[in-house]
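The values are calculated or read from the model by the stated rules, or taken from the named source; none is laboratory data. Here the structure is a predicted model, which is why all the values come from computation and not from measurement. We place every Cβ from the backbone using ideal geometry, glycine too, and count neighbours over all the protein chains shown.
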Amino acid sequence: MVLEADDGEPEERHNYSDKSDLMLDTLDDIGPTTKGFLEQAGFKSIKDLVVRGPVDVSEATGMQLDKSVYICNKARSKLEEIGIIEKSFTKATILYEKRKNEERISTGSKNLDDLFGGGIETRAITEIYGEYGTGKTQLCHTLCVIVNLDKPQGGLKAGALYIDTENTFRPERIVSIAQARNLDADRILDNVLVAKAYNSAHQELIIEQTGPVIDANGIKLIVVDSMVAHYRAEFLGRSTLSERQQKLNKFMHILLRIAATYGVAVLATNQIQSSPDSIFGDPFRPIGGHVVAHTSTYRVYLKRSGKNRIARMVDSPYHPEREVLFTLAESGVEDPV
Ligand SMILES: Nc1ncnc2c1ncn2[C@@H]1O[C@H](COP(=O)(O)OP(=O)(O)OP(=O)(O)O)[C@@H](O)[C@H]1O
Ligand SMILES: [Mg+2]
């Protein structure tokens with residue numbers, strides 16, 4: 001078999017809102033019985049299959065793993081074929097060109113945007129962690145407003161999905177940030193979908209149902225505030241650690257595949273814990289251990305600095321480790337005066 005590399009030939013980038021060719025029937029070799037099983041288990045489209053992966057498909061439908069691997073590989077190839085995800089063998093030149101056009105959402109602060117190389121990136125998970133009151137939730141609200149703006153103003157003319165696990169989403173804060181920026185608050189409120197997650201199992205259910213919601217509502221930003229709170233509260237002690245990490249791992253990998261498959265930006269907040277073994281340096285570290293550390297694409301640490309806040313890029317595949325200053329105002333995240 002000859003593997004065709006993506007050489008960047010004219011192939012038009014696919015229109016994400018065109019769903020007609022992504023339903024299950026368009027996969028060859030899927031009979032009506034299999035299709036019925038998949039639909040009954042909640043898999044409606046090819047993207048759903050790619051996001052959830054073969055193990056999940058097999059568990060949810062009861063079909064043999066070999067068969068679900070075959071179906072998921074077919075689904076992946078289909079998305080590669082129409083340019084929604086990268087082909088398995090793609091020249092770095094092509095990736096470089098695509099990376100230059102990767103969409104980003106402004107944070108509201110030029111300093112912070114610079115730290116991220118132009119704003120929060122789509123197709124990636126950006127993790128923000130820091131002590132209470134450092135502005136994590138403020139940043140989440142500000143981005144929900146800014147994503148609505150046109151591209152020259154820093155947005156993507158798109159909506160946001162806010163997964164709220166700490167019960168700190170406030171629609172009135174969306175209104176005050178929008179008004180302070182002279183924007184139409186009603187229109188923006190209408191473009192922010194909120195999913196309150198009451199426990200970790202509910203949080204997992206929400207993420208599994210997210211795919212079709214993204215397409216139906218033109219969403220380009222998913223906020224998870226916070227991704228770890230329920231896991232931290234529910235799985236106490238060493239004996240439950242491995243179960244907690246396993247569940248968190250699955251949640252984050254679905255999130256990462258959603259980012260890549262649907263072309264959305266994911267902003268996830270994390271809490272911190274004090275690390276008693278730290279003799280030098282900062283005594284705080286983010287929750288979630290290696291699972292969260294390895295799955296987040298970018299990690300940013302927020303700290304207080306008088307009235308301002310410091311954001312430090314602590315892990316990125318291509319940004320240097322450095323710090324910038326920003327501040328919190330009525331208009332949300334801003335540059336210090
Ligand atoms: N309308 C406003 N105008 C200016 N600053 C505000 C406004 N609302 C909130 N803030 C600032 O935001 C801070 C709270 O930040 P935020 O809720 O984002 O913290 P957090 O990092 O999410 O904390 P936690 O870990 O508790 O969730 C307040 O202490 C205040 O400084
Ligand atoms: Mg918060």
Please indicate, with yes or no, whether at least one residue in the stretch 75-94 is farther than 25 Å from Asn217 by Cα, more than 25 Å from the chain's Cα centre (by Cα) and assigned to a loop (DSSP other than H, G, I, E, B). yes
Flag if Val292 is touching a strand residue (DSSP E or B) at 6+ places or on another chain (Cβ under 9 Å) and either surrounded by fewer than 16 Cβ atoms within 10 Å (Cβ to Cβ) or in a strand (DSSP E or B) (or both): no
Within the stretch 200-220, residues buried (at least 21 other Cβ atoms within 10 Å of the Cβ) and small (Gly, Ala, Ser) come out as Ser200, Gly211
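Here is a yes/no grid of residues against (1) in contact with a Ser or Thr (Cβ under 7 Å, 6 or more places away or on another chain); (2) within 16 Å of ligand 2 (Cβ to nearest atom); (3) more than 23 Å from Gln209 (Cα to Cα):
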| position | (1), (2), (3) |
| --- | --- |
| Ile94 | no, no, yes |
| Arg99 | no, no, yes |
| Tyr132 | no, yes, yes |
| Lys136 | yes, yes, yes |
Just checking, does the stretch 312-326 include any residue being within 14 Å of ligand 1 (Cβ to nearest atom) and touching a Ser or Thr at 6+ places or on another chain (Cβ under 6 Å)? yes
What is the one condition in (1) part of a helix (DSSP H, G or I); (2) free of Cβ contacts under 8 Å to residues at least 60 places away in the same chain; (3) away from ligand 2 (no atom under 15 Å from the Cβ) that Leu193 does not satisfy? (1)
Could you go through the stretch 137-148 and let me know if any residue there is modelled with pLDDT of 95 or more and not in a helix (DSSP H, G or I). yes
From the residues in the stretch 165-196 that are away from ligand 1 (no atom under 11 Å from the Cβ) and among the charged types (D, E, K, R), which one is surrounded by the most Cβ atoms within 10 Å (Cβ to Cβ)? Arg181
Name every residue in the stretch 149-172 that is in a strand (DSSP E or B) and within 11 Å of ligand 2 (Cβ to nearest atom), in order of residue number. Asp164
So Val224 ticks every box in (1) within 30 Å of Asp150 (Cβ to Cβ); (2) surrounded by fewer than 18 Cβ atoms within 10 Å (Cβ to Cβ) but one. Which box is left unticked? (2)
Tally of residues being more than 19 Å from Val314 (Cα to Cα), touching a residue at least 60 places away in the same chain (Cβ under 8 Å) and part of a loop (DSSP other than H, G, I, E, B) across the stretch 95-119: 2
Can you go through Glu234, Glu208, Glu243 and tell me which one is charged (D, E, K, R), more than 16 Å from ligand 1 (Cβ to nearest atom), out of contact with any strand residue (DSSP E or B) (no Cβ under 6 Å at 6 or more places or on another chain) and within 15 Å of Arg52 (Cβ to Cβ)? Glu208
Is the stretch 139-146 home to any residue that is more than 16 Å from ligand 2 (Cβ to nearest atom) and touching a strand residue (DSSP E or B) at 6+ places or on another chain (Cβ under 8 Å)? yes
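For every residue, the table says whether it meets (1) surrounded by 19 or more Cβ atoms within 10 Å (Cβ to Cβ); (2) touching a residue at least 12 places away in the same chain (Cβ under 8 Å); (3) not assigned by TED's automatic domain parsing to the domain that holds Val50.
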| position | (1), (2), (3) |
| --- | --- |
| Ala265 | yes, yes, yes |
| Asn270 | yes, yes, yes |
| Gln273 | no, yes, yes |
| Gly306 | no, no, yes |
| Ile310 | no, yes, yes |
| Ala329 | no, yes, yes |
